[in-house]
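Below: the structure, in structure tokens.
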Amino acid sequence: MRARFRQAAKWVWQHLLVVSSAIWLFLGRVGLAFRNLLIWIIWKPLFYLTMPVWLPLRWILWDSLAAAVPPVWRFVGRMGLALRHLLTAYLWRGFVTLVVRPFIWLYQRVLKPSVLWLLHTVWRFILWLGQQIRRFGNFIWQKSAPQRAVYGRRVSSRWRLLKANLRLAMRRPKPPISAQVAPKRPRENLRAVRTFRLATAVAALALIVVVGMLSMRESQPTAVADDRPFETATPQIIVLTPTPQPPTPTVLPTVSVKLTPWATPNPLDGGGAVIFTQHVAGNSDIYILPVDQADPIRLTTHPAADRDPAWGPDGTEIAFASRRDGNWELYVYNIPNRELRRVTRDLAYDAAPSWSPDGQWLAYESYRDGNLDIFLIKADGSEGPFRLTDSPWPDFEPAWSPGGRHIAFTSLRSGSRDIFVRSLDAGINGGVVNLTQTPDLDEDEAAFSPDGRTLVYAEHSAGFPVIYALPLTEAYQPAAPAYSLGQQGHSPAWSPDRRSMLFVYDQGERSFLLSGSVEAWSAVPQMFVTDGRIADPSWTAVRLTPDMSSRLQNIDRNVASSGSLFVEALAEPQAGQPPSLLFPVAVNAPSPYLSDAVDQSFAALRQRVIVEAGWDFLGQLDGMFEALEARPLPGQSAQSWNKAGRAFDFYFREALGFDPQVQLVKLELNGEVYWRVFVRTAVQDGSQGEPLRTLTWDLQARSGDDPSYYEQGGKWRDAVPEGYYIDFTALAADYGWRWVPANDNWRTYFPDIRFWHYEKQDGLTWEEAMRELYSDEELVPVLERP
């Protein structure tokens, strides 16, 4: 077919050429005939008619000039040639000899090389200067990246806030008619308020001093560390009923306090002192509790967080992690010299130190090159850091063995949190053994016994932590299967004599520091109880003398602040009106209102998140206040805390997409699903946040190709997300805002996931919270509605 088409086209083209050639030849002949016609009709007659005029002129002018001009032209040419020879002989040769040739020599031998060298030098200097400017620019660009990121976030936050303010100004939703909106109050006299507060503080301090002096006269002072037998006191015993390990427990064990004598044997016979972290008023500090003393000694009072304390082997030094210099670093406090020295000096995250048995080295976790690994460094900072593990999965929480040649740590390299041990006699990632080998369980917080024959750790698969023990051989290999000690708690730590072990038991917002004997776990003495959370205990055999206690008291020389993170300033309600009012909040939300009883806590939380994360995470919300007549979504309760002005829903789309700024960790507690929220920081150099240690939940998998992911509501991500994050759930809890569990249908019904929803109930029931905004008559239709 193609050949026929080519033949037809060739035939057509040939005939077109023949036709066009014939037409072109015809046109040429017609033009030639027209030319001859014009010549015979116009040019020939004109030529003959004008001949009498131009022919005589030709004879007179042209013929005479043709005879006279050539000789004259030849004479002029010869005169010019003679002048040229004259000028050449007497002027040009001298000029060439005296001027041109010296200049050419000077140009070729001096000027040209000099100019070329100068141009080459200038060009090389320009190239060098450009490289230096580029390097300096790259250096400034890299160094200013955190600040530029902060400025970018600030500009973005201000732009979002400006849009929110414009939206509020142009399309502000009206508050419900039945709720009372607080009127504008005149600005208070700040100087008078400050003066009143100062006078109140001075009077309170004087009253405390007087009461303290009177109490000192009436009672004996508490000894820090004496030689009296501990059994003479009447201690408190917390008896924890043994808790079975069901797959989905629904209730916590009963805790009862009995003022009975110590059980035999006494788990506190070892004496010494315990150091731990206590989180109070939004900050973590380090405390020391002598075993025979009721009240702990506050070691740090720095405004930045201090945590992960560890006693040195001889009890004269304390290693801990702190953000006091702007990022997480390791510090060592020498008690006899009262010297605090910084060990690590890198912007990267460094924390969780563990001492070597000789007190010369520290093992710790550090976030380098986008991964969390174990490193070693000399305790005085003179050598190191040296990388100990190099796994793409996080390795953290190191624990040095008593033998000194093995280090246990927690890792996700097996797909779940397991306890691994690594020999220091092997290379990087060599000699690593999985001690727990439980792919369906999560274990962490390993601690060696003083003789190295038992490893205790916390196991979290039951929805709450349980203490387990694993017998070890002399080579630090499992000697027998791990067994449960029957105690709920975390952060286990051994007594120096190995006869006892202490751990932390959390109940609500309180933490109990408990100790139990290895020989009798039925009775667990309570060492200390606090309203804040306790973590990272470490036990030393050194008994604190009064001099040591004085050297450990407030090493930062700061005034310990025990004030609240915020103060709710309540407006005065009008007569006959509910006690609380609705206040507008400057955020981008459908109905930006909160109750007067919680608006200050939200403002303080928002400012804290801006400082910690570097951007205004709470500047845009998906929901805040709901009208009284608002209907709930299908399957959800009508008793919404948004109607009480005590809840908010952050922008949930930050947790979705290809580059989510929010990561979610699914937790199953007491048979319910909770979501721990982590917010990515604006600056990723270590000055904000800390790395993640667990896998996060991928909600986007619900819409993928695998239908099983939709049925289970998503899936765990394949790797731990890189970067630095802040624990928003923990920060919100510091300000009284609590997470809520997901509804039962969260796997298939997206609104039931509720990871974005936070409430501040303050111990009120929903009806009590609603009565703060509405009268009983207004609530009757709502309370009667099914």
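The values are calculated or read from the model by the stated rules, or taken from the named source; none is laboratory data. Since we're looking at a predicted model, the values are computed, not measured. Cβ sites come from the backbone with ideal geometry, for glycine too, and all protein chains shown count toward neighbours. Protein only, heavy atoms only, side chains kept; ligands, DNA and RNA dropped before computing areas. Shrake-Rupley method; radii C 1.70, N 1.55, O 1.52, S 1.80 Å.
Some notes on this structure:
- Summarising the label geometry, the points placed 7 Å from Cα in the beta-carbon direction at residue 125 and residue 705 lie 6.4 nm from one another.
- Taking the C-alpha atoms of the range 321-382, convex hull volume expressed per residue in Å³: 83
- Looking at the range 470-557, the accessible area is 40 square angstrom per residue; that uses a 1.4 Å probe and ignores ligands, DNA and RNA.
- Of the listed residues 438, 97, the order by accessible area with a 1.4 Å probe, largest first, is 97, 438.
- Here the range 613-652 is treated as a Stokes sphere of Kirkwood radius computed over C-alpha pairs; at 20 °C and 1.002 mPa s its diffusion coefficient rounds to 189 µm²/s.
- Kirkwood-Stokes translational diffusion coefficient of the range 91-142, alpha-carbon pairs, 10 °C, 1.306 mPa s, µm²/s: 113
- Residues in the range 589-689 average 35 Å² of solvent-accessible surface per residue, probe 1.4 Å, ligands and nucleic acids excluded.
- Note on residue 765: accessible area is roughly 70 Å² with a 1.4 Å probe, heavy atoms of protein only.
- Put simply, the range 529-620 fits an ellipsoid with semi-axes of 42, 19, 12 Å; these come from the alpha carbon gyration tensor as the roots of five times its eigenvalues, largest first.
- Each label point was placed 7 Å from the Cα along the Cα-to-Cβ direction; for residue 730 and residue 568 their separation is 2.5 nm.
- For residue 346, nonlocal amide neighbours, meaning residues 5 or more places apart or on other chains whose placed amide H falls under 5 Å from its own, do not occur.
- Local net charge near residue 440, Cβ-Cβ under 14 Å (Lys/Arg +1, Asp/Glu -1): -4
- Divided by 2.2 N^0.38 Å, where N counts the residues, the Cα radius of gyration of the range 537-682 comes to 1.48.
- Based on every Cα atom in the range 5-108, Rg and the maximum pairwise Cα distance Dmax equal 33.2, 83 Å.
- At the residue level, residue 776 shows approximately 90 square angstrom of accessible surface with a 1.4 angstrom probe and all protein chains present.
- With a simple spin-label model that places each label point 7 Å from the Cα along the Cα-to-Cβ direction, the separation between residue 479 and residue 99 comes to 11.0 nm.
- Semi-axes of the equivalent ellipsoid for the range 437-489, Cα gyration tensor, largest first, Å: 20, 12, 9
- Cut-off 11 Å between beta-carbons: net charge of the residues surrounding residue 644, Lys and Arg +1, Asp and Glu -1: -2
- Rounded to the nearest 10 square angstrom, residue 122 shows an accessible area of 70 square angstrom against a 1.4 Å probe.
- Measuring max minus min along each principal axis, the C-alpha atoms of the range 673-763 give extents of 41, 38, 18 Å (largest first).
- A 1.4 Å probe over all protein chains sorts 451, 616 by accessible area into 451, 616, starting with the largest.
- Temperature 10 °C, viscosity 1.306 mPa s: under these conditions the Stokes-Einstein estimate for the range 379-478, based on its Kirkwood radius over C-alpha pairs, is 114 µm² per second.
- Within-11-Å neighbourhood charge of residue 694 [Cβ basis; K, R +1; D, E -1]: +3
- Net length gained if the chain between residue 29 and residue 767 were fully extended (0.36 nm per residue, minus Cα distance): 254.4 nm
- Among 284-295, 473-484, sorting by the average number of other beta carbon atoms lying within 10 angstrom of each residue, highest first, gives 284-295, 473-484.
- With all pairs of different C-alpha atoms in the average, the Kirkwood value for the hydrodynamic radius of the range 40-84 is 13.4 Å.
- Residues whose placed amide H lies under 5 Å from that of residue 615, excluding near-sequence neighbours: 682
- Using the Karplus relation 6.51 cos²θ - 1.76 cosθ + 1.60 with θ = phi - 60°, the per-residue 3J(HN,Hα) values for the range 353-362 come to x, 9, 7, 6, x, 8, x, 9, 10, 10 Hz, with x marking Gly and Pro.
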